[in-house]
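**Student:** Take this structure first; my questions come after.
The values are calculated or read from the model by the stated rules, or taken from the named source; none is laboratory data. Just so it is clear, the model here is predicted, and its values are computed rather than measured. Every residue, glycine among them, receives a Cβ derived from its backbone with ideal geometry; neighbour counts consider all protein chains shown. What goes into the accessible areas is simple: the full protein's heavy atoms, side chains included, and nothing from ligands, DNA or RNA. Shrake-Rupley method; radii C 1.70, N 1.55, O 1.52, S 1.80 Å.
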Amino acid sequence: MIVITIDQRRSRSGPDKVETLLRHLVEHYSTERGFERTAGDEIQGVLSDGAVAVALALDVAGTGEWSVGIGVGAVQTPMPAQTRAGRGPAFEHARVAVERAKSSSGSLAMAGTGMEAERLEAELQLIALVNARRTESSAEAGMLVSQGLTQQQVATRLDISQQAVSARLSSGLWYEAGRLTELAGAALHHYSIHMEEG
(Lines give C-alpha, C1' and ligand atoms only; values in the text may rest on other atoms or scores of the structure.)
Protein backbone atom coordinates (compact mmCIF):
# COMPACT_ATOMS: atom_id res chain seq x y z
CA MET A 1 0.00 0.00 0.00
CA ILE A 2 1.06 3.62 -0.51
CA VAL A 3 0.66 6.20 2.23
CA ILE A 4 1.27 9.87 1.47
CA THR A 5 1.84 12.40 4.23
CA ILE A 6 1.78 16.08 3.31
CA ASP A 7 2.95 18.90 5.56
CA GLN A 8 2.47 22.62 4.91
CA ARG A 9 5.73 24.53 4.52
CA ARG A 10 6.28 27.78 6.40
CA SER A 11 2.89 27.34 8.06
CA ARG A 12 3.82 29.50 11.05
CA SER A 13 4.26 32.55 8.85
CA GLY A 14 1.19 32.12 6.68
CA PRO A 15 -2.48 31.07 6.60
CA ASP A 16 -3.60 27.48 7.03
CA LYS A 17 -4.09 26.02 3.52
CA VAL A 18 -5.07 22.50 4.52
CA GLU A 19 -8.81 22.71 3.79
CA THR A 20 -8.16 24.11 0.31
CA LEU A 21 -5.74 21.29 -0.44
CA LEU A 22 -8.14 18.64 0.91
CA ARG A 23 -10.88 19.87 -1.45
CA HIS A 24 -8.44 19.78 -4.38
CA LEU A 25 -7.39 16.21 -3.61
CA VAL A 26 -10.99 14.99 -3.26
CA GLU A 27 -11.90 16.53 -6.63
CA HIS A 28 -8.91 15.20 -8.59
CA TYR A 29 -7.61 11.96 -7.07
CA SER A 30 -9.07 8.59 -6.07
CA THR A 31 -7.80 7.02 -2.84
CA GLU A 32 -8.25 3.90 -0.72
CA ARG A 33 -8.69 6.05 2.37
CA GLY A 34 -9.28 9.76 1.87
CA PHE A 35 -6.88 12.44 2.97
CA GLU A 36 -7.51 13.74 6.47
CA ARG A 37 -5.87 16.27 8.72
CA THR A 38 -3.76 14.25 11.14
CA ALA A 39 -2.15 16.99 13.21
CA GLY A 40 -1.83 20.73 12.81
CA ASP A 41 -1.12 21.51 9.17
CA GLU A 42 -0.42 17.91 8.14
CA ILE A 43 -2.64 15.55 6.17
CA GLN A 44 -2.41 11.90 5.21
CA GLY A 45 -4.09 9.54 2.72
CA VAL A 46 -3.83 5.93 1.56
CA LEU A 47 -3.58 4.94 -2.10
CA SER A 48 -3.28 1.67 -3.99
CA ASP A 49 -2.53 3.04 -7.48
CA GLY A 50 1.11 3.97 -8.07
CA ALA A 51 0.38 6.21 -11.07
CA VAL A 52 -2.18 8.20 -9.08
CA ALA A 53 0.24 8.48 -6.15
CA VAL A 54 3.02 9.82 -8.39
CA ALA A 55 0.73 12.33 -10.10
CA LEU A 56 -0.63 13.54 -6.77
CA ALA A 57 2.78 13.82 -5.12
CA LEU A 58 4.26 15.80 -8.03
CA ASP A 59 1.18 18.01 -8.25
CA VAL A 60 1.28 18.94 -4.57
CA ALA A 61 5.07 19.24 -4.27
CA GLY A 62 5.12 21.37 -7.42
CA THR A 63 3.21 24.18 -5.73
CA GLY A 64 6.20 24.84 -3.46
CA GLU A 65 3.83 25.07 -0.50
CA TRP A 66 4.01 21.50 0.80
CA SER A 67 6.50 18.81 1.79
CA VAL A 68 5.37 15.42 0.45
CA GLY A 69 6.41 12.07 1.89
CA ILE A 70 5.56 8.79 0.19
CA GLY A 71 5.67 5.63 2.32
CA VAL A 72 5.38 2.16 0.82
CA GLY A 73 4.79 -1.10 2.65
CA ALA A 74 2.18 -3.22 4.35
CA VAL A 75 -0.67 -1.81 6.43
CA GLN A 76 -2.54 -3.48 9.24
CA THR A 77 -5.80 -4.97 8.05
CA PRO A 78 -8.63 -4.53 8.12
CA MET A 79 -7.88 -0.87 7.54
CA PRO A 80 -9.90 1.45 9.75
CA ALA A 81 -12.37 3.82 8.12
CA GLN A 82 -10.28 6.83 9.13
CA THR A 83 -6.83 7.31 7.67
CA ARG A 84 -5.44 8.75 10.87
CA ALA A 85 -6.14 5.47 12.67
CA GLY A 86 -4.09 3.41 10.20
CA ARG A 87 -1.02 1.47 11.30
CA GLY A 88 1.78 -0.50 9.68
CA PRO A 89 5.13 -0.05 7.90
CA ALA A 90 3.67 2.08 5.10
CA PHE A 91 2.54 4.68 7.64
CA GLU A 92 5.90 4.57 9.39
CA HIS A 93 7.76 5.02 6.09
CA ALA A 94 5.53 7.97 5.18
CA ARG A 95 6.46 9.67 8.47
CA VAL A 96 10.18 9.21 7.75
CA ALA A 97 9.71 10.42 4.17
CA VAL A 98 7.83 13.63 4.97
CA GLU A 99 10.50 14.63 7.48
CA ARG A 100 13.17 14.10 4.81
CA ALA A 101 11.09 15.96 2.24
CA LYS A 102 11.37 19.14 4.28
CA SER A 103 15.03 19.39 3.23
CA SER A 104 14.99 17.28 0.06
CA SER A 105 15.13 18.18 -3.63
CA GLY A 106 11.73 19.17 -4.93
CA SER A 107 10.17 19.01 -1.44
CA LEU A 108 9.49 15.32 -2.03
CA ALA A 109 10.86 12.12 -0.54
CA MET A 110 9.99 8.43 -0.50
CA ALA A 111 10.74 5.68 1.98
CA GLY A 112 10.41 1.93 1.77
CA THR A 113 12.63 -1.13 1.93
CA GLY A 114 15.58 -1.81 -0.34
CA MET A 115 17.31 -0.13 -3.26
CA GLU A 116 14.11 0.08 -5.30
CA ALA A 117 12.74 2.69 -2.90
CA GLU A 118 15.92 4.76 -3.21
CA ARG A 119 15.85 4.56 -7.01
CA LEU A 120 12.21 5.61 -7.15
CA GLU A 121 12.87 8.50 -4.78
CA ALA A 122 15.74 9.72 -6.98
CA GLU A 123 13.53 9.55 -10.08
CA LEU A 124 10.68 11.43 -8.43
CA GLN A 125 12.99 14.11 -7.08
CA LEU A 126 14.51 14.58 -10.54
CA ILE A 127 11.06 14.96 -12.11
CA ALA A 128 10.02 17.41 -9.38
CA LEU A 129 13.13 19.52 -10.01
CA VAL A 130 12.58 19.56 -13.78
CA ASN A 131 8.96 20.62 -13.23
CA ALA A 132 9.98 23.34 -10.79
CA ARG A 133 12.60 24.83 -13.08
CA ARG A 134 10.38 25.23 -16.13
CA THR A 135 9.63 28.74 -17.27
CA GLU A 136 6.02 29.89 -17.09
CA SER A 137 5.74 29.84 -20.89
CA SER A 138 7.14 26.31 -21.09
CA ALA A 139 4.76 25.06 -18.41
CA GLU A 140 1.82 26.74 -20.17
CA ALA A 141 2.59 25.03 -23.47
CA GLY A 142 3.12 21.70 -21.75
CA MET A 143 -0.17 21.85 -19.87
CA LEU A 144 -2.04 22.46 -23.11
CA VAL A 145 -0.32 19.49 -24.76
CA SER A 146 -1.18 17.34 -21.74
CA GLN A 147 -4.83 18.26 -22.26
CA GLY A 148 -4.68 16.67 -25.70
CA LEU A 149 -3.96 19.64 -27.95
CA THR A 150 -1.52 19.25 -30.84
CA GLN A 151 1.47 21.55 -31.11
CA GLN A 152 -0.29 23.41 -33.95
CA GLN A 153 -3.40 23.89 -31.79
CA VAL A 154 -1.25 25.14 -28.92
CA ALA A 155 0.46 27.56 -31.31
CA THR A 156 -2.92 28.93 -32.40
CA ARG A 157 -4.13 29.19 -28.79
CA LEU A 158 -1.01 31.06 -27.66
CA ASP A 159 -0.67 33.05 -30.90
CA ILE A 160 2.90 31.88 -31.50
CA SER A 161 4.57 29.70 -34.14
CA GLN A 162 4.62 25.92 -33.93
CA GLN A 163 8.42 26.15 -33.79
CA ALA A 164 8.11 28.33 -30.69
CA VAL A 165 5.82 25.76 -29.08
CA SER A 166 8.31 22.99 -29.88
CA ALA A 167 11.13 25.06 -28.38
CA ARG A 168 9.16 25.67 -25.18
CA LEU A 169 8.36 21.98 -24.80
CA SER A 170 11.97 21.04 -25.50
CA SER A 171 13.42 23.54 -23.02
CA GLY A 172 11.10 22.20 -20.32
CA LEU A 173 11.94 18.56 -21.11
CA TRP A 174 8.19 18.04 -21.30
CA TYR A 175 8.06 14.75 -23.16
CA GLU A 176 11.07 13.28 -21.35
CA ALA A 177 9.71 14.16 -17.91
CA GLY A 178 6.28 12.88 -18.91
CA ARG A 179 7.70 9.53 -19.97
CA LEU A 180 9.73 9.22 -16.77
CA THR A 181 6.66 10.12 -14.72
CA GLU A 182 4.67 7.39 -16.45
CA LEU A 183 7.39 4.81 -15.81
CA ALA A 184 7.80 5.91 -12.19
CA GLY A 185 4.08 5.49 -11.61
CA ALA A 186 4.15 1.95 -13.00
CA ALA A 187 7.27 1.09 -11.00
CA LEU A 188 5.78 2.44 -7.77
CA HIS A 189 2.63 0.43 -8.37
CA HIS A 190 4.55 -2.83 -8.82
CA TYR A 191 6.85 -2.05 -5.91
CA SER A 192 3.93 -1.36 -3.57
CA ILE A 193 2.28 -4.68 -4.50
CA HIS A 194 5.56 -6.50 -3.89
CA MET A 195 6.00 -4.82 -0.49
CA GLU A 196 2.44 -5.66 0.51
CA GLU A 197 2.86 -9.31 -0.44
CA GLY A 198 6.30 -9.52 1.17
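**Student:** With charges set only on the Cβ (+1 for Lys and Arg, -1 for Asp and Glu), what does the dipole of the chain come to about its Cα centre, in debye to the nearest 20? Display every interim value, and only then the final one.
**Tutor:** Numbers: 18 positive and 24 negative charges, 82 e Å.
Computed charge dipole of the chain: roughly 400 debye.
**Student:** Please give the length that would be gained between Ser105 and Gln163 if that part of the chain were fully extended, namely 0.36 nm times their separation in residues minus their C-alpha to C-alpha distance (nm, one decimal). Please report the intermediate quantities before stating the final value.
**Tutor:** On the way: separation 58, 0.36 × 58 = 20.88 nm, distance 3.19 nm.
Roughly 17.7 nm would be gained on extension.
**Student:** Working from Cα positions, state the angle (0 to 90°, nearest 10) between the long axis of helix 115-132 and the longest principal axis of the chain.
**Tutor:** Result, in degrees: 40.
**Student:** Of the heavy-atom accessible surface of the range 106-173 (probe 1.4 angstrom), what whole percent is carbon and sulfur? List each step's numbers first, then the result.
**Tutor:** Details: 1910 of 3690 Å².
So the carbon and sulfur contribution to the accessible surface is 52 percent.
**Student:** Would you mind getting me the FRET efficiency between Gln147 and Gln76? Use the beta-carbon distance for r and R0 = 45 Å, nearest 0.05.
**Tutor:** In this case the efficiency is close to 0.65.
**Student:** Using the Cα gyration tensor of the range 1-135, with a ≥ b ≥ c the square roots of its eigenvalues, what is the shape: rounded (a/c below 1.5), prolate (a/b larger than b/c) or oblate (neither)?
**Tutor:** Because a/c hits 1.5 or more and a/b fails to exceed b/c, the range 1-135 counts as oblate.
**Student:** With the calculation restricted to Cα positions, what are the radius of gyration and Dmax of the range 121-198 in angstrom?
**Tutor:** For the range 121-198, the Cα radius of gyration and maximum Cα-Cα distance read 15.5, 54 Å.
**Student:** Something else about it: Once the range 55-184 is represented by equal point scatterers at the alpha-carbon sites, with solvent omitted, what log10 I(q)/I(0) does the Debye formula produce at q = 0.14, 0.21, 0.22 Å⁻¹?
**Tutor:** -0.69, -1.12, -1.19
**Student:** If every alpha-carbon in the range 84-135 counts as one equal scatterer, what log10 I(q)/I(0) does Debye give at q = 0.23, 0.25 1/Å?
**Tutor:** -0.85, -0.93
**Student:** Now, a different point. Take Glu118 and Tyr175, extend 7 Å from each Cα along the Cα→Cβ direction, and tell me the distance between the two endpoints in nm.
**Tutor:** Those two pseudo-labels are separated by 3.4 nm.
**Student:** Counting only residues 5 or more places away or on other chains, whose amide H sits under 5 Å from the amide H of Met110 once H atoms are built in the peptide plane?
**Tutor:** Placed amide hydrogens put Ile70 under 5 Å from Met110.
**Student:** Over the chain, average the accessible area per residue using a 1.4 Å probe and give it in Å², no decimals.
**Tutor:** Numbers: 10120 Å² over 198 residues.
Spelled out: the 1.4 Å probe surface of the chain, per residue, equals 51 Å².
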